[in-house]
Amino acid sequence: MPSTTALQAPSAGAPFEVAEIPVRDLRDDDILIDVKYAGICHSDIHQVREEWGTAIFPMTPGHEIAGVVSSVGAGVSRYKVGDRVGVGCMVDSCGECEFCKDGEEQFCTKGAVMTYNGRGYDGEETKGGYSQQVAVSERFVCSIPEGVGLDEAAPLLCAGITTWAPLKRWGVGPGSKVAVVGLGGLGHMGVKFAVALDADVTVLSRSDAKADDSRALGAVAHVATADPENLKALRGTFDVVLNTVSADLEVHRYISLLRPLGVFANVGMPTEAWSIRPSAVVGGSRVVAGSNIGGIQATQDMLDFCAAKGIGASIETIGAGDVDAAYERVVAGDVRYRFVIDTATIR
């Protein structure tokens, strides 16, 4: 079996090591990708540190993958050698259930196969993008248009689609009033997308520390939430409140910011349960919703939109030797706004 050079965590919380990991022989529908850049998602940290339950080690994380096709299986029709491509959170699904047929592979009734820390339907362990090559079925590969750099495109495969999906689902467009809670790896993409969709965007952040960044991204306002009076002044203002943070929130305070028929769309993963009075949502027919990632077609639509609008993630490119330190900085909120690994440095 062929192999590639990769970063792997040998056990939960252990520093990364450089190792040779297997890459499967190409199946008929597989493409082999030379990975150029891999984004660091906070979920990588949770899984490497085994904070979300038992994980599979040694682990090679990474589900924000951007690279170039280097080889294709005999039955591949969508891609050719040299194409710029990306891979996100999933690498397989049954392809037969109602959700797969509707382009919502993330909800596959058989269970979508995750890009890493998972197992394929054949029991094979999945390995992610902190590596120099990956083999993936062409069904789960997206084309990265020339209008987006591969480095800035990598985080779009998770952070991008995660924020794009709820904005599209809830009809954000010209004239919409949108609040984005948190200006981090997810939040900065939420702001960029909502602004590009011609919405009126406000950033809700704990302090004013990132106020200049918010306005540079196109937000019309930046509001510090540490002062409860600031939120009171915004009651009944927004059509959509997009929560991108995993900090525990007093959710009723944010629901109160919605206009009638408004939506509180959550993509963060707080650790504590929410307590909401029914009257908070019934009176204005408001909606409290969660949002997963998006299907492959939605991801491609998002990438095409980014190319048309000149949108990429705001990144800090690092070498393989900096990943452990980068994890600590992500946890501390010390990145603007997504770390991207240059995989050529994995040696």
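SER207 satisfies every condition listed in (1) part of a strand (DSSP E or B); (2) under 26 Å from TYR327 (Cβ atoms) except (1). Criterion applied to ALA307, ALA320, ALA326, ALA313 was being among the hydrophobic types (A, V, I, L, M, F, W, C) and closer than 19 Å to ASN243 by Cα, and the one residue passing it is ALA313. If only residues of region 231-285 that are under 28 Å from the mean Cα position of the chain (by Cα), assigned to a strand (DSSP E or B) and not aliphatic (A, V, I, L, M) are counted, the one that is surrounded by the fewest Cβ atoms within 10 Å (Cβ to Cβ) is ARG259.
Within region 151-164, is there a residue that is modelled with pLDDT of 95 or more, within 25 Å of VAL76 (Cα to Cα), of a type in the set (Gly, Ala, Ser) and surrounded by fewer than 18 Cβ atoms within 10 Å (Cβ to Cβ)? No, region 151-164 has no match at all.
Of the helices (runs of 4 or more DSSP H) lying entirely inside region 89-171, those containing at least 2 residues that are farther than 19 Å from ASP34 by Cβ and within 18 Å of the chain's Cα centre (by Cα) are 159-169. Among the residues making up region 191-230, a single one is surrounded by 19 or more Cβ atoms within 10 Å (Cβ to Cβ), over 23 Å from ARG169 (Cβ atoms) and among the aliphatic types (A, V, I, L, M): VAL223.
The values are calculated or read from the model by the stated rules, or taken from the named source; none is laboratory data. Predicted model only: the values in this text are computed from it and were never measured. A quick note on method: Cβ atoms are made from the backbone with ideal geometry, for glycine too, and the neighbour counts reach across all protein chains shown.
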